[in-house]
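In what follows, a single structure is set out as structure tokens and then discussed.
Derivation of every value follows stated rules applied to the coordinates shown; laboratory data play no part. Everything quoted here is computed from the prediction, not taken from an experiment. All Cβ positions, glycine included, derive from the backbone under ideal geometry; neighbour counts span all protein chains shown.
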Amino acid sequence: MSDSAAIIKRLNRIEGQVRGVARMVEEDRYCIDILHQVQAIKSALSRAESEILKNHAHHCVAEAIKTGSAKVQQEKFSELVDLFEKTKR
């Protein structure tokens, strides 16, 4: 299975979890049970994010390094710095 296919499969699973939580809210289920599911979704999203970041490093950043172009390398480095800055907010 390709990296993209695995990530899509993971995201589809997360989508199902979110729909399940929406049903739980509609059914007025116990709040703690809903919150446990929300935590599971956040954890799954975090894992998906990590996989996408790894793919970016292995493909996009590695390719930028191979080009030997300081400009391209700086662009990829800046993208990562900007991404990490956003996570601090």
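For a straight C-alpha distance cut-off of 24 angstrom, the lysines reachable from residue 76 (same-chain residues fewer than eight places away being disregarded) are 54, 66, 86, 88.
With the largest listed first and rounded to whole Å, the semi-axes of the equivalent ellipsoid of the chain from the Cα gyration tensor are 36, 15, 7. Among 74, 37, 17, the largest mean-square fluctuation in a Gaussian network model of the chain, built with springs joining Cα atoms closer than 10 Å, belongs to 74. Using a Gaussian network model of the chain in which every pair of alpha carbons under 10 angstrom is joined by a spring, one finds that among 22, 44, 70 the greatest mean-square fluctuation is at 70.
Within a straight-line Cα-Cα reach of under 17 Å, residue 42 can be paired with the following aspartates and glutamates, leaving aside sequence neighbours fewer than 8 residues apart in one chain: 15, 33, 51. Helix 3-26 and the long axis of the chain differ in direction by around 30°, with both axes built from C-alpha atoms.
Sorting 88, 71, 42 from the fewest to the most surrounding beta carbons within 10 angstrom yields 88, 71, 42.
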